[in-house]
Amino acid sequence: MTKTFYVTTPIYYVNDRPHIGHVYTTVVADTIARYRRLMGDDVRFLTGTDEHGQKIERAAEKQGVRPIDLADGVVRNYLDLYPKFEITHDDFVRTTQPRHHAGVEAIFALMQKRGDIYLGAYEGWYCTGCEAFYPENQVENGRCEQGHPVERTQEESYFFRLSAYGDKLLELYRRTEEEGRPFVRPRTRLNEVRSFVEGGLNDLSISRRTVRWGIPVPGDPKHVIYVWLDALTNYISALGFGGKDPALYERYWREAPDATVLHLTGKEIVRFHAVYWPAFLMSAGLPLPTAVYSHGWWLFDNEKMSKSIGNVVRPGPLLDAVGPDAIRYFMLREMSFGADGTYSHQALIERLNGDLANGLGNLVSRVVALLERETGGRVPDPGAADPPSVLALGDAARASFAAYRAAFDRYAFSEGLAAIFEFVGELNRFLVREEPWKIAKDPARGADLRSVLRACAEGVRSVAVWCAPVMPGAARRALAQLGVPGDPRPGELATWQWDQIPGGAAIARGESLFPRADPAETLARIRALEETSAVSDSGPTPPPKAPLPPGVAPEAKAEAPTLAPTAASSPAPQAAGLEQIEIDQFMKVELRTAKVELAERVPKADKLLRLIVDLGGEKRQIVAGIAAKYAPEDLLGRTIVIVANLKPAKLRGVESQGMLLAADGGEGPVVIGFDRDVPPGTRVR
Ligand code: MSP
């Protein structure tokens, strides 16, 4: 039986146009949806907008428009943007739609029938930013845990007996963890949620009397339903729950083992999804989702990218400058899914030039050009016997494919992409080793030539199919050049095997898959586009802050470092006898700050310390040859700099996942430090 897979994004508030934080969750959901389709699942992918509540009511009031007009404008933004990113959602739900209204009324009625809803009075804090009630102990200096201002609120309210669900929720977390498919992922979030529930749950206020913009409480329209109960129900209302035709609901809203329901969320809203939502569903007697996966935040200037801080990056200029595939790839490769990631235009351009232009794009061009020249523009048929090097390449492909699948199955996208690019590297090395252009000169080796070139074509085909969930456009273009046009078929990944490319396929050389982007020019172009869109934007929400020219504003934050001029205008370091490198060679080295959380000597190695460092959410083990000058306690709590993208290496049998930077003078190592606090994971340039 085909498995169903239902994947959702949070529904986005309509007080802001999409920024790349929102795009990120949608791109992740799209990648999962595409991957599962290629794995043969029956997939449904939902996204949409959260349009009710105090936040939207106030934002509309401030702009002097009706809430629905505000919502319509932002929805148009999303609908305009999604095709540009090749988002393949099956449905876009709006909480102002009648179908949603019906779903919310239906779940409310079921919860009421269970006896879980009663009328009372709420007195406490309310945060409009989070649309959440906060108890006294979670408010500090008039702000909630997210840093938004809170307001004292006192009103009659309907309550949900959340306190009755603590044990059932703990049991859910325990059981699913035991079964190896935890309800809350990753583990850090599960621990957080579990201790929140263990701390004891209060009943939850689920209606507002002082808000008008919402769905009225059935039978008591003085109240509107609390926006989170309203919003969370989108996941089932969009499937027809509470409506006349529940066919989709019955098909997708089912429990394991033959159905998966996956909610993706940012980490700030995990509690709503992992505590309130399952409790509502339990109360209503409805099936539960399989898992809530909460990812980290994109940070910009070390803070969460958000409208209230004003540090958001809009997708439009990036799309114009580098196209959707590079952005999608960057998002999934750069951010270790679940942890925070730092966004910078420079990092995006580096990924484009390093992995995509030099790595993948270059490989495709070389292979296609070779086939065109050496085999008359046709993919050779399989031969009678492949040489050992070709057989070994097939083995490498199978190993990369297995690693990629294992990683994607557990949503470790960065790891999965690394496995694919490991094989891209392998293919490039294969070409260099085999030198097919030389084989071609020897008429006696025709069979070898065909075998080697067929393997190259198959290698590129495989990489294209594997990459398709992440870079659908590039995959399509690569496959077209190999004479197998179109998107990979549903189920194609599930049945992928080495050496399946059709012999005789006609090579159609096309444009380079990823032309190299001049770093300085591209950066300047993005900045210029950002300024234009900021100036021309008189839309429903304030434009992003246009970058100020350095030195103009007295309190302007230090700009992210601009790319330095290249050799033409810089003083020549050859004077000191040093070899010059290009800026993008330097940019390939990921220097990051890291906080030392543990330091100890490596047994039987006088010079080595083993450190566990925090890289901003990710932990790494570093082995450093500094024990002659530093005791473990000298390092503990210090912020150091490491090379974060160095291949792991073993030192005295202990794996080092990076390299600590230190000045290397005659007196022994001196570890690099900072003259003020820098958060772990910050880029160093
Ligand atoms: N409307 C609620 C969600 C209701 S779901 C039933 C909401 N909306 S939101 O517009 O604020 O969108 C929040 C989501 O956008 C986050 O959970 C996350 O998925 C995404 N992101 C917003 N900013 C982000 C970053 N800076 N980084 C990564 N994702 C971010 O909350």
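The values are calculated or read from the model by the stated rules, or taken from the named source; none is laboratory data. All figures in this text were calculated on a predicted structure; none of them were measured in a lab. Every residue, glycine as well, gets a Cβ built from its backbone with ideal geometry; the counts of neighbours run over all protein chains shown. Side chains are part of the model used for accessible areas, which takes the heavy atoms of the whole protein and leaves out ligands, DNA and RNA. Shrake-Rupley method; radii C 1.70, N 1.55, O 1.52, S 1.80 Å.
Only one of (1) of a type in the set (S, T, N, Q); (2) open to solvent by less than 50 Å² (accessible area, probe 1.4 Å); (3) modelled with pLDDT of 95 or more fails for residue 153. Which number is that? Against the list (1) of a type in the set (S, T, N, Q); (2) open to solvent by less than 50 Å² (accessible area, probe 1.4 Å); (3) modelled with pLDDT of 95 or more, residue 153 comes up short only on (3). Residues that are open to solvent by 10 Å² or more (accessible area, probe 1.4 Å), among the hydroxyl-bearing types (Ser, Thr, Tyr) and near the ligand (Cβ under 10 Å from one of its atoms) are absent from the stretch 16-32.
When only residues in the stretch 195-222 that are part of a helix (DSSP H, G or I) and open to solvent by 50 Å² or more (accessible area, probe 1.4 Å) count, which is farthest from residue 617 (Cα to Cα)?
So in the stretch 195-222, the residues part of a helix (DSSP H, G or I) come out as 195-198.
Now drop any that are not open to solvent by 50 Å² or more (accessible area, probe 1.4 Å), which leaves 195-196, 198.
Values: 195: 19, 196: 20, 198: 24 Å.
For the stretch 195-222, the residue satisfying everything is 198.
Selection over the stretch 110-128 of residues that are more than 14 Å from residue 218 (Cα to Cα) and crowded, with 18+ Cβ neighbours inside 10 Å gives a count of 6.
Out of 250, 255, one residue alone is in the same structural domain as residue 173 (by TED's automatic domain parsing), farther than 30 Å from residue 356 by Cα, modelled with pLDDT under 95 and more than 16 Å from the ligand (Cβ to nearest atom). It is 255. If you go through the stretch 80-109 and keep only what is open to solvent by 60 Å² or more (accessible area, probe 1.4 Å) and in contact (Cβ under 8 Å) with a residue 40 or more places away in the chain, you end up with 84, 90, 99, 101, 105.
On the given criteria, is residue 244 open to solvent by 40 Å² or more (accessible area, probe 1.4 Å) and within 13 Å of the ligand (Cβ to nearest atom)? Please lay out each step first, then the result.
On the way: open to solvent by 40 Å² or more (accessible area, probe 1.4 Å): yes; within 13 Å of the ligand (Cβ to nearest atom): no.
So residue 244 does not fit the description; no.
For residues in the stretch 295-309 being under 17 Å from residue 9 (Cα atoms) and near the ligand (Cβ under 6 Å from one of its atoms), which is most open to solvent (accessible area, probe 1.4 Å)? Among residues in the stretch 295-309 that are under 17 Å from residue 9 (Cα atoms) and near the ligand (Cβ under 6 Å from one of its atoms), the one most open to solvent (accessible area, probe 1.4 Å) is 297. Residues of the stretch 208-232 that are more than 16 Å from the ligand (Cβ to nearest atom) and within 17 Å of residue 163 (Cα to Cα): none at all.
Please go through the stretch 647-674 and give me each residue that is farther than 29 Å from residue 335 by Cβ and either among the acidic types (Asp, Glu) or in a loop (DSSP other than H, G, I, E, B) (or both), ordered by number. Break it down into steps so the answer makes sense when it comes.
Keep residues of the stretch 647-674 that are farther than 29 Å from residue 335 by Cβ, which gives 652-653, 663-670.
Residues satisfying the conditions are 652, 653, 664, 666, 667.
Looking for something within 34 Å of the chain's Cα centre (by Cα) and at pLDDT 50 or above - is there at least one such residue anywhere in the stretch 564-576? So that I can check it myself, show each step before the final result.
Going through the stretch 564-576, the residues within 34 Å of the chain's Cα centre (by Cα) turn out to be 564-566.
Going one step further and asking which of them are at pLDDT 50 or above, we end up with none.
No, because not a single residue in the stretch 564-576 is within 34 Å of the chain's Cα centre (by Cα) and at pLDDT 50 or above.
Among the residues of the stretch 493-532, write down those that are polar (S, T, N, Q) and crowded, with 17+ Cβ neighbours inside 10 Å. Residue satisfying the conditions is 522 alone. I'd like to know if the stretch 42-55 contains one or more residues that are within 13 Å of the ligand (Cβ to nearest atom) and open to solvent by 40 Å² or more (accessible area, probe 1.4 Å). No. The number of residues in the stretch 601-636 being assigned to a loop (DSSP other than H, G, I, E, B) and either more than 17 Å from residue 662 (Cβ to Cβ) or open to solvent by less than 40 Å² (accessible area, probe 1.4 Å) (or both) comes to 13. Each residue in the stretch 380-412 was checked for being acidic (Asp, Glu) and touching a residue at least 60 places away in the same chain (Cβ under 8 Å), and 2 pass. In the stretch 19-34, the residues that are more than 13 Å from residue 90 (Cα to Cα) reach residues that are in a helix (DSSP H, G or I) with C-beta atoms within less than 6 angstrom, at least six apart or across chains, in these pairs: 20/315; 23/315; 24/331; 27/328; 27/331. Within the stretch 247-262, the set of residues being open to solvent by 20 Å² or more (accessible area, probe 1.4 Å) and either over 22 Å from residue 92 (Cβ atoms) or among the aliphatic types (A, V, I, L, M) (or both) comprises 247, 248, 254, 255, 256, 257, 258.
When the stretch 314-351 is limited to residues that are touching a strand residue (DSSP E or B) at 6+ places or on another chain (Cβ under 6 Å) and within 22 Å of residue 84 (Cα to Cα), the one that is farthest from the ligand (Cβ to nearest atom) turns out to be 334. Just one of (1) in contact with a Ser or Thr (Cβ under 8 Å, 6 or more places away or on another chain); (2) over 30 Å from residue 42 (Cβ atoms) fails for residue 496. It is (2).
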